[in-house]
Amino acid sequence: MPKVSTPDFRNGLTIVINGTLYNIIEFQHVKPGKGPAFVRTKLKGVETGKIIDKTFRSGESVDSVRVERHPYQYLYFDGDLYHFMHKQTYEQIGLPPHQVDKNKFMKESQDVVVVINADEDKILFTELPDHVELEVTQTDPGVRGDTAQGGSKPATLETGAVVQVPLFINEGDKLRVDTRTSTYIERVKSD
């Protein structure tokens, strides 16, 4: 396996720690006033989905995994597996829920990226785009004059996900949602 040093860390890099694959979600180079520099990271386990914090000494090397990203389209969920189709070859695959990242924001015919370990030709996980557009299926109506504090209310989206939205959002509105933080960004103007 190729080695990668801490100056080469970047979001999305897949590394191996104690035989387990982790994806770097966040990293920060820290140079304290006293002592050596280090890199603070937030890692997500590829198989488990568990998020851990790990600190590396500056210049430390770890094994990395060569990954490929392929465009797929989400087809449907049959209760056990999420089914996807490759956008160029039309090959279909089924993945268990633990390999499907942020599935609460996926709707049928949506584009996703399937990440594959290129060395072992094994599917690791899927990635959704950072922002998706979804319709509000249920939310309480905003009460007039209730906006002095810039309040928010829960809204259920067409995929079943629930996000906090401003009081002026109504059922049927299309919203842009950040899948990384599960937060409302803006209302999408209808054509």
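Condition check for Thr89 on (1) farther than 30 Å from Lys3 by Cβ; (2) surrounded by 15 or more Cβ atoms within 10 Å (Cβ to Cβ): one failure, at (2). Scanning the stretch 10-29 for any residue that is of a type in the set (D, E, K, R) and farther than 25 Å from Ser182 by Cβ turns up nothing. Taken together, the residues in the stretch 47-84 that are within 18 Å of Thr14 (Cα to Cα) and free of Cβ contacts under 8 Å to residues at least 12 places away in the same chain amount to 1.
Assess whether Gln110 counts as being closer than 23 Å to Glu186 by Cβ and surrounded by 17 or more Cβ atoms within 10 Å (Cβ to Cβ). So Gln110 fits the description; yes.
For Lys34, the conditions (1) over 30 Å from Lys3 (Cβ atoms); (2) assigned to a loop (DSSP other than H, G, I, E, B) are fulfilled apart from (1). None of Ser58, Ser5 is more than 24 Å from Glu120 (Cβ to Cβ) and either surrounded by 14 or more Cβ atoms within 10 Å (Cβ to Cβ) or under 18 Å from the mean Cα position of the chain (by Cα) (or both) except Ser58. Restricting attention to the stretch 87-105, the residues being under 19 Å from the mean Cα position of the chain (by Cα) and either among the aromatic types (Phe, Trp, Tyr) or in a helix (DSSP H, G or I) (or both) number 6.
This table checks each residue for (1) in a strand (DSSP E or B); (2) outside the structural domain of Ile17 (by TED's automatic domain parsing); (3) of a type in the set (Ser, Thr, Tyr).
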{"residue": "Gly49", "(1), (2), (3)": "no, no, no"}
{"residue": "Lys54", "(1), (2), (3)": "yes, no, no"}
{"residue": "Pro71", "(1), (2), (3)": "yes, yes, no"}
{"residue": "Tyr74", "(1), (2), (3)": "yes, yes, yes"}
{"residue": "Met85", "(1), (2), (3)": "yes, yes, no"}
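The values are calculated or read from the model by the stated rules, or taken from the named source; none is laboratory data. Computed from a predicted structure; not experimentally measured. Counting neighbours? That spans all protein chains shown, and the Cβs are built from the backbone with ideal geometry, glycine included.
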